[in-house]
Amino acid sequence: MAVRLVDSVTRTLIRDGKQGDANALSTLFARYQERVLRIVRLRLSPSLRDRLRLQSMDILQETFLHAIRKLKDFEPTTEASFLHWLSRIVENVIRDQLDYSKAGKRDTAAERSLDQSIAYASGHVHLRDVIPDEGTSPTQAVTRKGMRSIVDELLLELDEFERELIIQRKLEGLTFGEMANDLGKSEDAVRKHFNRSFQKLVALAEKRKVPERLGFG
Amino acid sequence: MIEADPENRAEIIDRFIEELLEGGDRSTLEDYCGRYPSMRRALEGKFECVRALEEGFREDSLAGAEIEDYLIVEEIGRGGMGVVYLGLQKSLDRYVAFKVLPMGTMPDAREISRFRNEARAASRLSHPNIVPIFSTGEEKGMYYIAMELIQGIPLSRVLERLKAAGREPRTASEVRDIIEACEDLPRICRAFGTDAPKSAPGRGPSLWDQPYPAFVLSLCSDVSDALAYAHRNGVCHGDLKPSNIMLSSGGVPMIVDFGLARDVRSLVSIRSQDFLGTLAYASPEHLARNVVNQKSDIWSLGVTMYEMITLRQPFRTDDVAGTIGRIANTDPPPMRTRSGKVPKDAEAIVARCLEKAPERRYSDAQELKEDIDRLLAGRPVKARPIGKLARQLKRVRRNPVISLLGAALVVLALIIPWLAVNSAIQKWVSMGTQYYDEGRYSEALGSYRVAWDRLKWIPFSEKPKAEVLCDLGNAWSGKGEYEKAIHSYETALNIDPAMVSALIGLGDVYFEIGAYEKSVSCYDRVLLLSPADRNSYYQRGRAYRRLGMYDKALKDFHGAVSLAEGDVDTLREIAAVLSEKGLSTEGEQEAYLGEIGFTAPEIRAILKSERS
């Protein structure tokens, strides 16, 4: 897998964002929101995932901007390292906001999200304002979104560690070296474990007839 | 040959997947299949899974990449012929549309060199209604085309929105609103802190005040002008359809993708949904004979015009076979039944574009343009308006017997003399068939030729003509005069491109003379039209066997066996394949048949018949 450097557009956006350019930040958000949201969604537990779905898009954007403001001491060189860093931060913030068990820590965003879910249940929120859930139908299967969500369904059948390996390697694009560093294991062990997880994923894909559903084969 | 025990097989598959993860591709698959032939099916299954998974992981993989002189910024569109990105050409500091062709559309060296030639020819075109190509190239097996960035949206997007609204727009201004609402280039450019490129000069404000049908016609006049220009320069489009016509925010239609999709087989290999989308605009001769030329471009523009005016596609059904059948055999419903405001002459122009026989369409795109312009100027058009009578006649021409009752009163006077001749011809035909069934081919030939000599002068009798020509082909073939047989079948197919019996006859003759590849392509077409034709599976399998393509042969034989169990000929062919592959023990044979997909009872029956 070729290492993809952070492209010059992203670099400029990050630089301007750090200096407080709100336009640059919202553009950065537009560029990465979908990929980050996908990664975060895959890392959350099923109940938190359900709760995330009821959040308003505004909250996600706020979270995202908050994360990017933390970019002070971080100078990403590769796209993978940027993506990994960003999705971790967004995940943590979202987890904090969603986790009702953390009594007393509920901040205003969480209050609002509760209001949102009530409003949603009573039909006062427009669907488009709510974080989209990537469900699939046969016609959707040929679209990119549909393809992703079919693959995500499979990923959710793996155990947490297997899923994490595949997220890091395939969605964030980390090298085995970077993964080993992050996971505190040897590079060789990570590589072997990743291969096994992927083989398991292939077997699942075959069982669920994924190529046929996506129009391959 | 290395044959693997089950444990070993699992290891082989794991290793195979690992190699695919390290960047292996189709050649890795072939390599493994070569080493472990009995595992081909399993390996192919895994390969497809990995491919599908990778597709699901692929994020905007090119955004941010730098390819030669271009920086890829953002995906702006996606379709059957590839993904389009907003690109920045660094040396000239200008935005471009950067189109990457889908992997797998360039299967072999011949296709690749054809792509290069076509792209070179297309890049020389310079016309206000053709999107200019800046450069083309390839990097790591990826083919790309950099072209001018058009501010606007494809006509297909306009159509989607109009169809969703559920009624025809009154004036063109509604189209302008759609373009403004859908166009996302200005948004993307704003996000990157630059100005969107200035849009090309439009056609003046009065353009948008026109009634909608007149607006559509004026667009089509421009498109046919562009086609005429390209045709004069020896380039035809081959895949003209609304998604390949951009409508700029100034209201100027611009054609993209000249000469990219030539081979109808390359269309078939694309996902079935895209194929249906493309198929709906393909001409009868494109589907039947894989021919694209000026006339087929005119056809495709006719379909586009019909759809733009009525917001419905003239031939589309829900499935491939149905759509092909309609394209080959059925006139589209008159536009006026679908939309109240269609001028009679517009109906005539579209109908002339949609003549099944290429020679009855406009002779070239220039003639079409002139006719549209005459209509727009309020002068009489050359295309004959089609009244109820003419429509009936057309139907009778194609389908004399069925249409007779409905048309009886209207065209009785015309039909009576025809009927008289017809019954005489019918006698000769049935006499010929009787001879043919007895194996007396020379006599059969004589009778059919008498029938043909009378029939060929009679107008409105395309279908009987095709049938007699096919009979003639059969008789020639019976006599062993294969060249004459081929000529007869091909003439029949010129009249009716979807004539299954002629396709079968032609496939058989090609087989007899050893032209196995041509034979295969005939049966391909038969099976597309009639997917449960056992005999064609059997015949195509035989042809594949002669070509040494044993897996494909066996798959076809499997198809034949599942449609007619215990068929002796097929079993014999299967046995021949097994022995040609050098599989002598029953174990080997069983494993191989299993890989292909034969069920256990089927395998038992095959092995049993082989023993006896």
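No lab work stands behind these numbers, since they all come straight from the coordinates. Being a predicted model, the structure only gives us computed values, none of them experimental. Neighbour counts run over all protein chains shown; Cβ positions are idealised from the backbone, glycine included.
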**Report entry** Under-5 Å amide H pairs with B:V96, H placed in peptide plane, nonlocal only
**Finding:** B:G87, B:L88, B:Q89
Report task. Report, by chain and number, residues whose modeled amide H sits under 5 Å from the one on B:I76, excluding near sequence neighbours (fewer than 5 apart, same chain). Result -> B:V84, B:Y85, B:L86
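To the nearest whole number, what is the average tally of beta carbon atoms from other chains within 10 Å of the beta carbons of peptide B:40-53? Mind dumping the intermediate values first?
On the way: counts 0, 0, 1, 0, 2, 5, 6, 4, 9, 15, 6, 4, 15, 15.
Partner-chain Cβ atoms within 10 Å, mean over residues of B:40-53: 6.
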**Report entry** Karplus 3J(HN,Hα) series, Hz, for the stretch B:434-446 with 6.51 cos²θ - 1.76 cosθ + 1.60 (x for Gly, Pro)
**Finding:** 4, 4, 4, 5, 7, x, 8, 5, 5, 5, 4, 4, x
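For B:H237, A:H193, what ranking results if the residue with the fewest other Cβ atoms within 10 Å of its Cβ goes first?
The most exposed by this proxy come first: A:H193, B:H237.
Taking neighbour counts of Cβ atoms within 10 Å as a proxy for exposure, in what order, fewest first, do B:K295, B:K90, B:K463 appear? Intermediate results must be reported in sequence, preceding the final value.
Details: B:K295 25, B:K90 12, B:K463 19.
Fewest-to-most Cβ neighbours within 10 Å comes out as B:K90, B:K463, B:K295.
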Requested in this report: Could you line up B:M549, B:M305 from fewest to most neighbouring Cβ atoms inside 10 Å?
Outcome: B:M549, B:M305
Requested in this report: Report the relative contact order of the stretch B:414-611, percent, no decimals, based on alpha-carbon pairs under 8 angstrom and at least 6 residues apart.
Outcome: 10
**Report entry** Nonlocal amide H pairs with B:F134, under 5 Å, H built at 1.01 Å
**Finding:** B:A146, B:M147, B:E148
Requested in this report: Select from the stretch B:419-508 those chymotrypsin sites (Phe, Trp or Tyr not before Pro) which occupy a DSSP coil region and have at most 12 other Cβ atoms within 10 Å, ordered by residue number.
Outcome: B:W457
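Just checking the output field for A:147-156: average partner chain Cβ neighbours within 10 Å of each residue's Cβ?
Values: counts 6, 5, 1, 4, 7, 2, 1, 3, 3, 0.
What the average comes to for A:147-156 is 3.
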